[in-house]
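Input: a single structure, listed below in structure tokens.
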Amino acid sequence: MCLAVPGRITGIRAAGDLRVGSVDFGGVARDICLDWVPEASVGDYVLVHVGFAIGVIDETEAQETLRLLEELADAARADAADATDAGAANGGAAAATSGATEAGRTDGGEVPA
């Protein structure tokens, strides 16, 4: 699976034979190769995959994509929090069981049936 993230072009310059854009991703700027989107200009939104702009999109589509990506991130954070909470609850039960098992051992180290 591939993921392309929308960003807004804030500047364009030549870097040797390449056309490079400074692209803003929510406050983080990265230099992106624009050779595959010669029609892109400053102010345009582009879809970026591994450092290459692969398409020009309108602002509405860019904002909708960013909103969906944020929803995915929120869901992942919620899942991680649930897993942490479940692990703590299971860890607490395991510790209680472990203590009871240790208390029930006989001299031979075996737990009575």
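Using alpha-carbon pairs under 8 Å, 6+ residues apart, how would you state the relative contact order of the stretch 1-93 in percent?
Contact order relative to length: 23 percent.
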(message) Out of the chymotrypsin sites (Phe, Trp or Tyr not before Pro) in the stretch 1-96, which ones are loop residues according to DSSP with at most 15 other C-beta atoms within 10 Å?
(response) Trp36
(request) Excluding Ser41 itself, calculate the net charge of residues whose Cβ lies under 15 Å from the Cβ of Ser41, where each Lys or Arg counts +1 and each Asp or Glu counts -1. (result) -3
(request) Give me Glu39, Glu61, Glu71 ranked fewest to most by other Cβ atoms within 10 Å of their Cβ, as a rough exposure proxy. (result) Glu39, Glu71, Glu61
(message) Using the basic label-point model (7 angstrom from Cα toward the beta carbon), what is the Val42 to Ile12 distance in nanometres?
(response) 1.1
(request) May I ask for the percentage of alpha-carbon pairs in the stretch 29-80 that lie more than 12 Å from each other? (result) 68
(request) Quick one: Debye curve from the alpha-carbon atoms of the stretch 1-93 only, equal weights, vacuum; give me log10 I(q)/I(0) at q = 0.10, 0.24 Å⁻¹ to two decimals. (result) -0.37, -1.15
(request) Would you mind computing, in nm to one decimal, how far apart the modelled labels at Asp85 and Gln63 are, each placed 7 Å from Cα along Cα→Cβ? (result) 3.3
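A short reminder: the numbers here are calculations on the coordinates, not readings from a lab. Note that the structure is predicted; figures quoted are calculated from it, not measured. Using ideal geometry, Cβ is built from the backbone for each residue, glycine included, and neighbour counts are taken over all protein chains shown.
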